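Please find one structure pasted underneath; my questions will follow.
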2 protein chains.
Amino acid sequence: MAKAAASRPGESHTPTMVDVALRAGVSTMTVSRALKEGSRVSKATREKIMTAVNDLGYVLDQSAGSLSSRKTGFVAAIVPSINNSNFADTARGITDELESTGLQLLLGYTDYTVEKEEQLIEAMLRRRPEGIILTGGAHTDRARRLLKSAGIPVVETWELPAKPIDQVVGFSNEEAMGLLVKTLAKRGYRKFGYIGGTTSRDTRGSQRREGFVRAIDELGLPTGRLVSFGVPPISIEQGGQAVVSMLERWPDTQAVLCVSDLSAFGALMECKRRGMRVPQDIAIAGFGDYEVAAFCHPGITTVNVDCYGIGQQAARRLIQVIRGDEKRHGQEIVLTGYRVVEREST
Amino acid sequence: MAKAAASRPGESHTPTMVDVALRAGVSTMTVSRALKEGSRVSKATREKIMTAVNDLGYVLDQSAGSLSSRKTGFVAAIVPSINNSNFADTARGITDELESTGLQLLLGYTDYTVEKEEQLIEAMLRRRPEGIILTGGAHTDRARRLLKSAGIPVVETWELPAKPIDQVVGFSNEEAMGLLVKTLAKRGYRKFGYIGGTTSRDTRGSQRREGFVRAIDELGLPTGRLVSFGVPPISIEQGGQAVVSMLERWPDTQAVLCVSDLSAFGALMECKRRGMRVPQDIAIAGFGDYEVAAFCHPGITTVNVDCYGIGQQAARRLIQVIRGDEKRHGQEIVLTGYRVVEREST
DNA sequence: CAAAGGCATGTTATCGATACCAAATCAACA
DNA sequence: TGTTGATTTGGTATCGATAACATGCCTTTG
């Protein structure tokens, strides 16, 4: 039977598949098939349908489609911040990897709090994503429960959680920072300082600090030079303020390691502003290998992390699990690489 | 009648509203009301329902809900790149503004091409967003047609399109760059050079260049010092290479204006690397007021744009139009401010 | 030439929620 | 105590598409 909408051609409304079907003289099922690639529809019919689609300006309604096919075509990803270029790179890696699959990304950011993460997870699960990518391994209990009962693959990234939920794509922030310390110690530096944020909101930041402390301990170097400044993620400006505070308390510090390149850059610029020579008077290193670290003068020694690759691999892993639906793959931990990049600042 | 799913309690499946209704001993309609704030359900009933919801770990299925309510709760936003901190700020402005309304953001990026924009627009329209925010005023014809027939409010941002589709929240890139030229000219600079990308993909970049050329003309200053380097958006590194090329061709250039702060930063660092004094030997200015411009040494003179505010206001405008559904507001153009920020690099 | 099989297309029954209207319950008051 | 009006709850149809199955046509082959 003709739908009311179709029988009132004068009325302007968003066309549905029924309108297309009527116009092309076929059934909605045939239209549905014609619009989904990989299904067999005769060339002539397909052309008729495409003409109708163009004439009407019809656009498929995926909300309706996913209700009956039980596949939404969504993948959710939650990052601490999209203003941080590291996570923006990860988001881009995810999107690029998803592009060819027809999956669409639902992106949200937590501002580094697990409470907001929980809210986001719930909001996104309402959209029935086919998989979800998280940053880090710290989540509220309720968030864990929601994820468990959602029955979809979960990938935690950017860390190696002690108690992973499902899949993991990341690296040890502790070890990475430790490697940086050791690399610089080998170069002769002995009095190391560390600059980071004030709270543990940023779990990756905390892990880096732990890695720093542990490495210093292991090497038997002077300990205790830790400056906490600002709520994570700390900014360029706060990096500058922190290094001032560091030099006031421990004027003989030889090398300052920062939780991120942004704070390292701030520290570097502040030192230059004060007429200090870097690295002769003080060496500075960061973490993350932001573009700015490579091209500022002097270039900043840092730890390069494959941000884009983390996103790519997380998405890839997710797709594998989604595709291989039945024989649900077991948990897997993908280690992504990191490497110390030595530049002129040390 | 009891659904099959509900009658097989042993089977693990994602619970639906029917499951909740059965467990709470009410109808699905009442469950639906209890989960939607602002509807009247007695306290006792609501508690029973909430208990059932928690016991089952039920999460509302919004795809199903939006099909019947004809409201998806989505807003789409398309930006050139999420790795660019200016657009990331805009995205954050949008998200923050949407948060209290319960609308969710569908974010996509075009990599600065209208073709990818067209694809994205179509992909997003399939999700039936209630409104859409675009960057710039350059779109393919098909994209314009799709947007028109979608019948949803559209906000174009970051520019003042000659032929707006609907709403606009932006500023004149041409005028903004012109203001920068005039400000520096007043300070005595006369030989200006301009650094930008090679193609017109980045329409805002093109407009800035035009603004530069026009201002130079109007002031009767030496013209022609234009260096195009790299595919937009040009990077820090390319800014450095471009300034080298500029100085080779026009060694007496006094002030170099760059399409963005990133290229300006690259130019600045390259000059310092070559032992030039900034601004004594050469002045450098950028556009966008990125964080790096404020805190590098010397600080970079630039044009501050209210990126976050653009996002906020675009979202706000969209919400107004969506809310005031019937009496569809007319087209409106919201001008966002910009201002020249003078720092030590000029 | 009839049977078998492949391909194109149609029919019907959902997917999970909400809109709309009807019914039931409750409180208040004459 | 019966009536009125407000509030809470339920029944049913429907949103727009697709899965699953059914049908019909055409080609192939013994």
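I'd like to check something: does region A:96-103 contain any residue that is assigned by TED's automatic domain parsing to the domain that holds A:Ile322, within 16 Å of DNA strand D (Cβ to nearest atom), under 29 Å from the mean Cα position of the chain (by Cα) and closer than 29 Å to B:Gly93 by Cα? Quick ask: steps written out before the conclusion?
Residues of region A:96-103 that are assigned by TED's automatic domain parsing to the domain that holds A:Ile322, as a first pass: A:96-103.
Restricting the remaining residues to those that are within 16 Å of DNA strand D (Cβ to nearest atom) gives A:101-103.
Checking which are under 29 Å from the mean Cα position of the chain (by Cα) leaves us with A:101-103.
With the extra rule that they be closer than 29 Å to B:Gly93 by Cα, the set shrinks to A:102-103.
Yes; the residues of region A:96-103 include at least one that is assigned by TED's automatic domain parsing to the domain that holds A:Ile322, within 16 Å of DNA strand D (Cβ to nearest atom), under 29 Å from the mean Cα position of the chain (by Cα) and closer than 29 Å to B:Gly93 by Cα.
Of the conditions (1) open to solvent by less than 40 Å² (accessible area, probe 1.4 Å); (2) touching a strand residue (DSSP E or B) at 6+ places or on another chain (Cβ under 9 Å), A:Tyr112 fails just one. Which one is it?
Only one criterion in (1) open to solvent by less than 40 Å² (accessible area, probe 1.4 Å); (2) touching a strand residue (DSSP E or B) at 6+ places or on another chain (Cβ under 9 Å) is unmet by A:Tyr112, namely (2).
Any chance region A:10-19 includes a residue that's in a helix (DSSP H, G or I), within 14 Å of chain B (Cβ to nearest Cβ) and within 12 Å of DNA strand D (Cβ to nearest atom)?
Taking region A:10-19 and keeping what is in a helix (DSSP H, G or I), we get A:17-19.
So of that shortlist, the ones also within 14 Å of chain B (Cβ to nearest Cβ) come out as A:17, A:19.
Applying the additional criterion that residues be within 12 Å of DNA strand D (Cβ to nearest atom) yields A:17, A:19.
Within region A:10-19, one or more residues are in a helix (DSSP H, G or I), within 14 Å of chain B (Cβ to nearest Cβ) and within 12 Å of DNA strand D (Cβ to nearest atom).
Here's something else I'd like to know. Within region B:37-65, track down each residue that is under 28 Å from B:Gln320 (Cβ atoms), more than 10 Å from DNA strand D (Cβ to nearest atom) and part of a loop (DSSP other than H, G, I, E, B).
B:Glu37, B:Gly38, B:Leu60
Filter the helices (runs of 4 or more DSSP H) completely within region A:98-214 down to those with at least 1 residues that are of a type in the set (A, V, I, L, M, F, W, C) and more than 14 Å from chain B (Cβ to nearest Cβ).
Details: elements: A:114-125, A:141-150, A:173-186.
Per the criteria, A:114-125, A:173-186.
If you check A:Leu257 against the conditions, is it aliphatic (A, V, I, L, M) and within 10 Å of another protein chain (Cβ to nearest Cβ)? Outline the logic, then answer.
Working: aliphatic (A, V, I, L, M): yes; within 10 Å of another protein chain (Cβ to nearest Cβ): no.
No: the conditions fail for A:Leu257.
Restricting to region B:183-210, what's the tally of residues that are free of Cβ contacts under 8 Å to residues at least 12 places away in the same chain, open to solvent by 60 Å² or more (accessible area, probe 1.4 Å) and more than 25 Å from B:Pro232 (Cα to Cα)?
Step one: of region B:183-210, the residues free of Cβ contacts under 8 Å to residues at least 12 places away in the same chain are B:186, B:188, B:200, B:206.
Checking the rest, the ones that are also open to solvent by 60 Å² or more (accessible area, probe 1.4 Å) come to B:186, B:200.
Still in the list and also more than 25 Å from B:Pro232 (Cα to Cα): B:186.
Number satisfying all stated conditions: 1.
List the pairs whose first member sits in region A:289-317 and is within 14 Å of chain B (Cβ to nearest Cβ), whose second member is among the aromatic types (Phe, Trp, Tyr) and assigned to a helix (DSSP H, G or I), and whose Cβ atoms are under 7 Å apart, counting only residues at least 6 apart or on separate chains?
As it stands, the answer is A:Val292/A:Phe265; A:Ala293/A:Phe265; A:Cys296/A:Phe265; A:Ile300/A:Phe265, since those pairs meet every condition given.
Quick one: what pairs do we get from region A:271-286, first residue within 13 Å of A:Met246 (Cβ to Cβ), second of a type in the set (Phe, Trp, Tyr) and at pLDDT 95 or above, C-beta under 7 Å, 6+ apart or different chains?
A:Ala283/A:Tyr189
What is the one condition in (1) within 14 Å of another protein chain (Cβ to nearest Cβ); (2) within 9 Å of DNA strand C (Cβ to nearest atom); (3) touching a helix residue (DSSP H, G or I) at 6+ places or on another chain (Cβ under 8 Å); (4) open to solvent by less than 50 Å² (accessible area, probe 1.4 Å) that B:Gly57 does not satisfy?
Among (1) within 14 Å of another protein chain (Cβ to nearest Cβ); (2) within 9 Å of DNA strand C (Cβ to nearest atom); (3) touching a helix residue (DSSP H, G or I) at 6+ places or on another chain (Cβ under 8 Å); (4) open to solvent by less than 50 Å² (accessible area, probe 1.4 Å), the lone unmet condition for B:Gly57 is (2).
Same structure again: Working only within region A:216-239, note down all residues that are open to solvent by 20 Å² or more (accessible area, probe 1.4 Å), outside any loop (DSSP other than H, G, I, E, B) and away from every other protein chain (no Cβ under 14 Å).
Within region A:216-239, A:Asp217, A:Glu218, A:Leu219, A:Leu226, A:Ser228 qualify.
For the subset of region A:268-282 comprising residues that are touching a helix residue (DSSP H, G or I) at 6+ places or on another chain (Cβ under 7 Å) and more than 10 Å from chain B (Cβ to nearest Cβ), which member is surrounded by the fewest Cβ atoms within 10 Å (Cβ to Cβ)?
Going through the qualifying residues, I end up with A:Val278.
Still on this structure: Can you find, within region B:126-146, the residue that is least open to solvent (accessible area, probe 1.4 Å) among those that are under 19 Å from the mean Cα position of the chain (by Cα) and under 14 Å from B:Ser66 (Cβ atoms)?
In this case the residue turns out to be B:Pro129.
Please go through (1) within 16 Å of DNA strand C (Cβ to nearest atom); (2) at the interface with chain A (Cβ under 9 Å from one of its Cβ atoms); (3) open to solvent by 30 Å² or more (accessible area, probe 1.4 Å) for B:Ser66 and return the number of the only condition it doesn't satisfy.
It is condition (3) that B:Ser66 fails.
For A:Ser149, are the conditions met, namely being among the small types (Gly, Ala, Ser) and touching a Gly at 6+ places or on another chain (Cβ under 8 Å)? Reasoning before the result, please.
Numbers: among the small types (Gly, Ala, Ser): yes; touching a Gly at 6+ places or on another chain (Cβ under 8 Å): yes.
Considered against the rule, which asks whether it is among the small types (Gly, Ala, Ser) and touching a Gly at 6+ places or on another chain (Cβ under 8 Å), A:Ser149 comes out as yes.
For region A:66-89, give me each residue that is within 16 Å of DNA strand D (Cβ to nearest atom) and free of Cβ contacts under 8 Å to residues at least 24 places away in the same chain. Spell out the reasoning first.
Applying the first criterion (within 16 Å of DNA strand D (Cβ to nearest atom)) to region A:66-89 yields A:66-74.
Once the filter is applied, which keeps residues that are within 16 Å of DNA strand D (Cβ to nearest atom) and free of Cβ contacts under 8 Å to residues at least 24 places away in the same chain, region A:66-89 yields A:Leu67, A:Ser68, A:Ser69, A:Arg70.
Could I ask something else about it? So which pairs qualify, if the first residue must be in region A:35-46 and touching a residue at least 12 places away in the same chain (Cβ under 8 Å) and assigned by TED's automatic domain parsing to the domain that holds A:Thr16, the second must be assigned to a loop (DSSP other than H, G, I, E, B) and hydrophobic (A, V, I, L, M, F, W, C), the Cβ gap must be under 8 Å, and the two must be at least 6 apart or on different chains?
The qualifying pairs are A:Leu35/A:Leu60; A:Thr45/A:Val26.
Quick one: count up the residues across region A:28-44 that are within 7 Å of DNA strand C (Cβ to nearest atom), of a type in the set (Val, Ile, Thr) and either modelled with pLDDT of 95 or more or open to solvent by 30 Å² or more (accessible area, probe 1.4 Å) (or both). Explain how you work it out, then say what you get.
Of the residues in region A:28-44, the ones within 7 Å of DNA strand C (Cβ to nearest atom) are A:28-30, A:33, A:40-42, A:44.
Right, trim to of a type in the set (Val, Ile, Thr) and you get A:28, A:30, A:41.
Subsequent filtering for residues that are either modelled with pLDDT of 95 or more or open to solvent by 30 Å² or more (accessible area, probe 1.4 Å) (or both) retains A:28, A:30.
Total meeting the criteria: 2.
Right, next: Please work out which one of (1) more than 22 Å from B:Cys271 (Cα to Cα); (2) out of contact with any strand residue (DSSP E or B) (no Cβ under 6 Å at 6 or more places or on another chain); (3) among the basic types (Lys, Arg) is the condition A:Arg339 fails and give its number.
It fails just one condition, (2).
Pick out, from region A:241-346, the helices (runs of 4 or more DSSP H) lying fully within it that include 2 or more residues that are farther than 23 Å from B:His297 by Cα and either of a type in the set (Lys, Arg) or at pLDDT below 95 (or both).
Numbers: elements: A:261-273, A:291-295, A:307-323.
It comes to A:307-323.
Restricting the search to region B:70-87, which residues are within 16 Å of DNA strand C (Cβ to nearest atom) and open to solvent by less than 60 Å² (accessible area, probe 1.4 Å)? Spell out how you get there, then give the answer.
To start, the set of residues in region B:70-87 that are within 16 Å of DNA strand C (Cβ to nearest atom) comprises B:70-74.
Scanning region B:70-87 gives B:Thr72, B:Gly73, B:Phe74.
Exactly one of (1) surrounded by 15 or more Cβ atoms within 10 Å (Cβ to Cβ); (2) modelled with pLDDT of 95 or more; (3) touching a Cys at 6+ places or on another chain (Cβ under 8 Å) is unmet by B:Glu174. Its number?
Every listed condition holds for B:Glu174 apart from (3).
The values are calculated or read from the model by the stated rules, or taken from the named source; none is laboratory data. Small disclaimer: the values here were computed from a predicted structure and weren't measured. Here the Cβ is made from the backbone with ideal geometry for all residues, glycine too, and neighbour counts use every protein chain on show. All accessible areas refer to the heavy atoms of the entire protein, side chains included, with ligands and DNA or RNA removed. Shrake-Rupley method; radii C 1.70, N 1.55, O 1.52, S 1.80 Å.
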